[in-house]
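Here the structure is laid out as structure tokens; the discussion comes afterwards.
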Amino acid sequence: MMLMAEPIDAVAEVLAALDAHALVISEGGLVTYVSPALDALLGGNGDWVGQSWAHVWAVLGQSAPLVSRRPQRVQLQGSNGELVAAQVQGIAISSGTLVVVRDLSGEEERERENIRIFREAQSQADDLFALYQITQFMATAQSLSQLCDTLLHEVIRSTEAEAGCLLLKDLYGDALLPAAWLNLDMPPALVDEAAAQAWGEQAAGGDSLLALPLNAEEQMVGIALLIGRYFDQHSRRFLQTVAHEMAIALRAMQRREELTAQEQKLEAIVSATTDSIIQVDQRCRVVGVNPAASALLEVSETAALGRTCADVLGCNDSCAAACPFAAVLASRRPIEYQEREVQATTGLRHSVAASYAPLEVGGDDALGAVAILLDISRQKQLDQIKDDFITTVSHELRTPLTLLRGYSDTLLHLRLTREQQQRCFTGIADTTATLSRLVEEVLDVTRIEEGRLALRVEELSVVELVESALQMQSERRQRVEVHVDVGLQVWGDRVRLTQVLVNLVDNALKYSPGGQPVSLRIRRLTGGVEFTAQDEGIGIPGAEQETLFTKFQRASNARVSQIPGSGLGLYICRAIVEAHGGRIWLTSVQHRGTTVGFTIPTTT
């Protein structure tokens, strides 16, 4: 193949040695030399030597002859029709113009590869940024619903989906429950993953569905369903990358909310329980009290925190020497039941049944101890009342029974005159009446406690009520000074109101020594009638006055004086008066007398 029309000069030798892509154009515009490398690049067309440069340039696919001495990027067309990317530059030489052609086909391939690598790196960077955002969202979410909404929105944004939903597995079952949805109706609860995918395909219609299972710790947490026109490989790969992290975050949030719910439930139980609960740390300092404990000890939770248990509970010296909290912390064994006394800040002491237990959360270190205190003061009081009742009733029964036996023995073994027999029969009748009243009082207490205190209400004359009550006082009647306003009427039960008057008058007479008179006054008030019985007897100690309207309660000075009584009368009177819509009260000064009064509404 002839490549030159004249002998090879120094330039041609250099070009051949360098295996350069070049050709030489004479000053007349003819191609005088084509290097072998350029000839091979352009398809082996060696006929260019001797042809005009304009013709060759046109054959190579260019529209105008090369005139620029600056590098020019072109597409050269070879003999086989393929385009070759090249850079062409004209350089002036002594014999004409040297045209240097630089093959850019390899560089384009490298450039395309670089672009591909760049785009892939950019895509990975975008994925990493999206993953970072999702991670931030997962770290800052405050609730499961917020986390689900955020994750769904971010996944839909990252994959350019048009709609989607997030279903989470029920912690206590197998169903998949809707947690978040966007551009869809609320999904139903679905039995499993297959049912979820079937529902998603139905919701997608003609669009594509991408079902993304969310698994953590080899267990299914939920499934994300995304709907769009097309999901490329990049979107699928990204979702696979974030799926595990999403599942872990969702499971962690589920457990956190479940733990929070359990803590709130426990806190509500502790706050609502009527038993007192006190928690101490390892130094026996109070770190928690519930409202019941605050009420029992009459101290706020803020005031109790940080103080020693002995200080808060008002323990005495014996407790300090054998503190049950300290014993539990040392032995790590609970104390199931222990009766003791605690003292409120006001000085009031309570009997409690206490149970103690250590608080441990893994390992061997005790976080502290907790005590549950059941206030048994009322139970103790009831036990004491029962004991007092048995003692009182036994005493009240013993006296009349002794009298009955005496009267009976007298009638059986002695020859008595008719007058003496009559006195015995009268004594038996009076004693039997006393026993009947005692039995009736006990029955009344039972009726009151069971809510069976029935009233037969009618319009009553106050004068008639007073007369009925005084008829039962026999020879003591003359000691009662009565003052009644004229024309008083009340609305009530005749028998029960008479019972109240008899009790108050009888108490006044009983506690007035030396046959002193008592006063019974009845006067009109606005909307009612006031009854008061006043004596000048032994009176009642001030600290005991508030308790006398409770069962089996009697003044201490009455017991010392051995004045008979069951301690039920005022309790029954209060129940009867309150059943009529009235109220009862007393005032007393020790050694100077007592006044007991009550009000009953009028009929007008």
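The values are calculated or read from the model by the stated rules, or taken from the named source; none is laboratory data. All values reported here derive from a predicted model rather than from experimental measurement. Methodologically, a virtual Cβ is constructed for each residue, glycine included, from the backbone with ideal geometry; neighbour enumeration extends over all protein chains shown.
Could you tell me how many of the residues in region 46-59 are crowded, with 17+ Cβ neighbours inside 10 Å and more than 21 Å from ILE93 (Cβ to Cβ)?
Qualifying residue count, region 46-59: 1.
Could you list, in sequence order, all residues of region 100-159 that are modelled with pLDDT under 80, out of contact with any helix residue (DSSP H, G or I) (no Cβ under 9 Å at 6 or more places or on another chain) and not in a helix (DSSP H, G or I)?
GLN142
Do we have VAL482 as in a strand (DSSP E or B), under 60 Å from the mean Cα position of the chain (by Cα) and either closer than 19 Å to LEU455 by Cβ or modelled with pLDDT of 90 or more (or both) here? Explain how you work it out, then say what you get.
Values: in a strand (DSSP E or B): yes; under 60 Å from the mean Cα position of the chain (by Cα): no; either closer than 19 Å to LEU455 by Cβ or modelled with pLDDT of 90 or more (or both): yes.
When the stated conditions are applied, VAL482 does not pass them.
Only residues that are in contact with an Asp or Glu (Cβ under 8 Å, 6 or more places away or on another chain) and either surrounded by fewer than 17 Cβ atoms within 10 Å (Cβ to Cβ) or part of a helix (DSSP H, G or I) (or both): list them for region 491-506, please.
ARG494
Which residue is farthest from ALA293 (Cα to Cα), if the candidates are limited to region 233-279 and must be small (Gly, Ala, Ser) and touching a residue at least 24 places away in the same chain (Cβ under 8 Å)?
By that ranking, first place goes to SER235.
Being at pLDDT 90 or above and assigned to a loop (DSSP other than H, G, I, E, B) is the filter here; which residues of region 163-183 pass it?
Listed by number, the list holds a single entry, ASN183.
Just wondering, is there one or more residues in region 388-411 that are under 51 Å from the mean Cα position of the chain (by Cα) and either surrounded by 15 or more Cβ atoms within 10 Å (Cβ to Cβ) or farther than 24 Å from GLY567 by Cα (or both)?
Scanning region 388-411, I find at least one residue that is under 51 Å from the mean Cα position of the chain (by Cα) and either surrounded by 15 or more Cβ atoms within 10 Å (Cβ to Cβ) or farther than 24 Å from GLY567 by Cα (or both), so the answer is yes.
Go over the candidates THR417, THR431, THR426 one by one and state the one that is under 14 Å from THR399 (Cα atoms) and at pLDDT 80 or above. Step through it out loud before you land on a result.
Working: THR417 fails: under 14 Å from THR399 (Cα atoms); THR426 fails: under 14 Å from THR399 (Cα atoms).
Criteria check complete, one pass: THR431.
Here's the yes/no breakdown for (1) touching a Phe, Trp or Tyr at 6+ places or on another chain (Cβ under 6 Å); (2) closer than 18 Å to LEU497 by Cβ; (3) among the polar types (S, T, N, Q):
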site: ARG378; (1), (2), (3): no, no, no
site: HIS413; (1), (2), (3): no, no, no
site: ARG437; (1), (2), (3): no, yes, no
site: GLU441; (1), (2), (3): no, yes, no
site: ASP444; (1), (2), (3): no, yes, no
site: GLU467; (1), (2), (3): no, yes, no
site: GLN471; (1), (2), (3): no, yes, yes
site: SER474; (1), (2), (3): no, no, yes
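Is region 476-490 home to any residue that is surrounded by 19 or more Cβ atoms within 10 Å (Cβ to Cβ), closer than 30 Å to LEU382 by Cβ and in contact with a strand residue (DSSP E or B) (Cβ under 9 Å, 6 or more places away or on another chain)?
No.
Could you go through region 73-88 and let me know if any residue there is crowded, with 17+ Cβ neighbours inside 10 Å, within 22 Å of GLU107 (Cβ to Cβ), modelled with pLDDT of 85 or more and not hydrophobic (A, V, I, L, M, F, W, C).
The answer is no, given that none of the residues of region 73-88 is crowded, with 17+ Cβ neighbours inside 10 Å, within 22 Å of GLU107 (Cβ to Cβ), modelled with pLDDT of 85 or more and not hydrophobic (A, V, I, L, M, F, W, C).
Applying the selection to region 202-211, what residues are assigned to a helix (DSSP H, G or I) and touching a strand residue (DSSP E or B) at 6+ places or on another chain (Cβ under 9 Å)?
In the first step, residues of region 202-211 are kept if they are assigned to a helix (DSSP H, G or I); the result is 202-204.
ALA203, ALA204 - these are the residues of region 202-211 that are assigned to a helix (DSSP H, G or I) and touching a strand residue (DSSP E or B) at 6+ places or on another chain (Cβ under 9 Å).
Of everything in region 554-583 that's farther than 20 Å from ARG456 by Cβ and in contact with a Leu (Cβ under 8 Å, 6 or more places away or on another chain), which residue is modelled with the highest pLDDT?
Taking region 554-583 first, the residues farther than 20 Å from ARG456 by Cβ are 554-571, 583.
This time we only want the ones that are in contact with a Leu (Cβ under 8 Å, 6 or more places away or on another chain), so: 554-555, 566, 570.
On the way: ARG554: 73, ALA555: 74, SER566: 71, LEU570: 88.
Per the criteria, the residue is LEU570.
Counting only residues that are of a type outside the set (S, T, N, Q), farther than 14 Å from GLU154 by Cα and surrounded by 15 or more Cβ atoms within 10 Å (Cβ to Cβ), how many does region 215-226 have?
Residues meeting the conditions: 5.
Results for (1) in contact with a Lys or Arg (Cβ under 7 Å, 6 or more places away or on another chain); (2) in a strand (DSSP E or B); (3) surrounded by 15 or more Cβ atoms within 10 Å (Cβ to Cβ), shown as yes or no for each residue.
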site	(1), (2), (3)
ALA196	no, no, yes
GLY200	no, no, yes
PRO213	no, yes, no
HIS244	no, no, no
ILE248	no, no, yes
LEU266	no, no, no
VAL270	no, no, yes
ILE278	no, yes, yes
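Could you pull out the residue among VAL518, VAL484 that is closer than 28 Å to LYS551 by Cβ and β-branched (Val, Ile, Thr)?
So the residue among VAL518, VAL484 that is closer than 28 Å to LYS551 by Cβ and β-branched (Val, Ile, Thr) is VAL518.
Provide a single number: the residues in region 156-182 that are without any contact (Cβ under 8 Å) to a residue 40 or more places away in the chain and closer than 18 Å to ALA196 by Cα.
Adding up the residues that qualify gives 9.
Applying the selection to region 321-341, what residues are modelled with pLDDT under 85 and part of a helix (DSSP H, G or I)?
ALA321
Of all residues in region 234-293, count the ones that are within 26 Å of THR159 (Cα to Cα) and small (Gly, Ala, Ser).
5
Picking from ILE572, ILE576, ILE522, which residue would you name as being assigned by TED's automatic domain parsing to the domain that holds GLU481, over 27 Å from SER436 (Cα atoms), touching a residue at least 60 places away in the same chain (Cβ under 8 Å) and not in a loop (DSSP other than H, G, I, E, B)?
The conditions single out ILE522.
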